[in-house]
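One structure below.
The values are calculated or read from the model by the stated rules, or taken from the named source; none is laboratory data. Since we're looking at a predicted model, the values are computed, not measured. Note that each Cβ is placed from the backbone with ideal geometry, even for glycine, and that neighbours are counted across all protein chains shown.
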Amino acid sequence: MRRPWLIDRRTVLRGAGAALALPLLDAMRPLGAADPAAARGRPPVRLAVLFFPNGVWPKAWFPTAAGADFELPFSLAPLAVHRERLLVFSGLDKKHSHGGDGHYAKTANFLTGLLVTKTVGRDISVGGPSLDQVAAERLGHLTPLPSLELGCDRVISGIDSNVNYTRLYGSYISWRTAKEPVAREINPRFVYDRLFGAKDAAGKPLARAAADDRSLLDLALSDARDLRGRLGRDDQGKVDEYLEAVRAVERRIAFASQPDPRDWKPDSAPDAIAAPAAGTPANYREHVRQMFDLMALALWTDSTRLITFMMGNDVSGRNFTNLADGVKGAHHQLSHHENDPAKIAQYQRINRWFVTEYAYLLDQLAAIREGDGTLLDHSLVVCGSSLCDGNKHEPSNLPILLAGGGGGRVLSGRHLAYPKGTPLCQLWLGLLRRVGVPAESFGDATAELPGLSEPLVAPVAAPAPAAAPSPAPVAPPPAAPAATPALGAALKP
């Protein structure tokens, strides 16, 4: 017999913007129902991949000792508080990137590991779908958004005549198919609207019937598809991004109109979710941190379990003069350091800047209690680049970090040093399995990377760093600014 005070869970979700997962309240279940905490089971494992451009200075990135007794080099020092939740990898490689000049053959396949077709036209290909989209195909139906793709830079098109590749390859790491990149969102306000629904100036959800939304979506999709075939490549890319935003709304509506398929529900939810200001932040650090705040909210509310974030397009010439302490110049230019000690010192400080931002996201996830641990304990958060030394455009010995416990499926607090040429896709395969995708192979890997969940039987000693000019003394970075008050406050557990 249904009690008159019972409320329908689906109605509550729709009232909160459809994508916001709330805890299972007593008013949503009849008396005598099973304990909701027991019904929820273990929290799911989330996966986030952060990409930064232009490689690293190896001597300041890779520890000299393998195993648990390693020290964090200069570029990784901001991760000291998370050392026991961290895996540092060395020796990982993408063999299919060795045949292409420049950045593009290394970046576009960062999450596919397969051959990038050299082209200046429309016949782009990265060999297959990316890691996140393989997972989304299997797991995406469990959340309002199958995956979330973010960036800070606009898509760059045209041709890089120095290497004869289309510049589109430097703007994407997430690929739905070998030939179809997934549009990224670079405006924090639009990300917020996609996650939690559009709101008016007073912060209240815009009231509109789902049927009205559906008819609007049908009209928009039909018009956009008709228009797309008459446009040039650059405009087609813009229309594709628009269509992806429309699809996200469509998925959210569809998810809210059906019974919730999840066995697990969040234990808690943010007390308040304030929308970012309209437009893209002018300050780069603020832009990155707003995206990190939104990522934490998306994972916390189980709006999605799969996120990729390009903190910059590859070949990025962003000027770090007023960002990283002691740096005066553009990122890409300084990555081509030509063994100049002054440039090397600035290059490694830019690397450290990205790691500091990575640590900020880990701080946010570690502060959110979930089940018997934290959100970070139930996540896998990758941070890396598609090159080693940017001066050489090396696709071997890639700088890759992994933080989080993966729900107990990862043994952290180690530097895992592998033989030269170990496939990066072995790591990607291991991560797929840990988020719940029973893949037998991925990219060029048919076995997962050994040592992720247990000590390596015979750890390979980290290669001694090659002699190089000592960089100029490096001053500690300035204190990081506080998080955006509206969003940062929402992340307090």
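General remarks:
- Within the stretch 353-368, if we keep just the residues that are among the hydrophobic types (A, V, I, L, M, F, W, C) and modelled with pLDDT of 95 or more, the residue that is nearest to the chain's Cα centre (by Cα) turns out to be LEU361.
- Positions within the stretch 97-118 being assigned to a loop (DSSP other than H, G, I, E, B) and either charged (D, E, K, R) or touching a Ser or Thr at 6+ places or on another chain (Cβ under 6 Å) (or both), in sequence order: ASP101, PHE110, LEU111, THR112, THR117, LYS118
- Flag if GLY430 is in contact with a His (Cβ under 7 Å, 6 or more places away or on another chain) and modelled with pLDDT of 50 or more: no
- The stretch 93-131, residues that are hydroxyl-bearing (Ser, Thr, Tyr) and crowded, with 24+ Cβ neighbours inside 10 Å: SER97, TYR104, THR107, THR112, SER130
- Check on VAL382, of a type in the set (Val, Ile, Thr) and either under 17 Å from the mean Cα position of the chain (by Cα) or farther than 16 Å from VAL88 by Cβ (or both): yes
- Test: residue in the stretch 356-374 that is out of contact with any strand residue (DSSP E or B) (no Cβ under 8 Å at 6 or more places or on another chain), in a loop (DSSP other than H, G, I, E, B) and in contact (Cβ under 8 Å) with a residue 24 or more places away in the chain: yes
- Across the stretch 150-196, the qualifying residues are those that are among the aromatic types (Phe, Trp, Tyr) and in a strand (DSSP E or B), and the one among them that is nearest to SER97 (Cα to Cα) is TYR165.
Residue-by-condition table, conditions (1) within 30 Å of PRO261 (Cα to Cα); (2) surrounded by 24 or more Cβ atoms within 10 Å (Cβ to Cβ); (3) in contact with a helix residue (DSSP H, G or I) (Cβ under 6 Å, 6 or more places away or on another chain):
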site	(1), (2), (3)
THR301	yes, no, no
ARG318	no, no, yes
ASN322	no, no, no
PRO341	no, no, no
SER385	no, yes, no
ILE400	no, no, no
GLY405	yes, no, yes
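- Check on GLY170, in contact (Cβ under 8 Å) with a residue 40 or more places away in the chain and small (Gly, Ala, Ser): yes
- Flag for ALA66 being crowded, with 17+ Cβ neighbours inside 10 Å, at pLDDT 95 or above, aliphatic (A, V, I, L, M) and out of contact with any Cys (no Cβ under 7 Å at 6 or more places or on another chain): yes
- Annotation: of all residues in the stretch 58-89 being touching a residue at least 24 places away in the same chain (Cβ under 8 Å) and assigned to a loop (DSSP other than H, G, I, E, B), the one that is nearest to GLU338 (Cα to Cα) is TRP61.
- Residue within the stretch 123-136 that is touching a strand residue (DSSP E or B) at 6+ places or on another chain (Cβ under 7 Å) and at pLDDT below 95 present: yes
- Pick from the stretch 409-458, criterion among the polar types (S, T, N, Q) and out of contact with any helix residue (DSSP H, G or I) (no Cβ under 6 Å at 6 or more places or on another chain), ranking: nearest to SER379 (Cα to Cα): SER453
- Note on the stretch 147-198: among residues that are closer than 16 Å to VAL116 by Cβ and among the acidic types (Asp, Glu), the one that is nearest to the chain's Cα centre (by Cα) is GLU180.
- As a summary of the residue check, ALA282 satisfies the conditions (1) in contact with a Pro (Cβ under 8 Å, 6 or more places away or on another chain); (2) at pLDDT below 95 except for the one numbered (1).
- Failed criterion for TYR192 (all others in (1) among the hydroxyl-bearing types (Ser, Thr, Tyr); (2) surrounded by 12 or more Cβ atoms within 10 Å (Cβ to Cβ); (3) at pLDDT below 70 hold): (3)
- Residue match in the stretch 145-168 (condition: at positive phi, at pLDDT below 90 and in contact with a helix residue (DSSP H, G or I) (Cβ under 7 Å, 6 or more places away or on another chain)): yes
- Selected residue [assigned to a loop (DSSP other than H, G, I, E, B), of a type outside the set (A, V, I, L, M, F, W, C), surrounded by fewer than 17 Cβ atoms within 10 Å (Cβ to Cβ) and touching a strand residue (DSSP E or B) at 6+ places or on another chain (Cβ under 9 Å)] from PRO455, PRO419: PRO455
- Of all residues in the stretch 134-160, those that are closer than 25 Å to PHE196 by Cβ have Cβ atoms under 8 Å from Cβ atoms of residues that are among the basic types (Lys, Arg) and part of a helix (DSSP H, G or I), 6 or more apart or on another chain, in PRO144/ARG251; PRO144/ARG252; LEU145/ARG194; LEU145/ARG251; LEU145/ARG252; PRO146/ARG251; LEU148/ARG194.
- Looking across ARG352, ARG289, one residue alone is crowded, with 22+ Cβ neighbours inside 10 Å and under 30 Å from PRO423 (Cβ atoms). It is ARG352.
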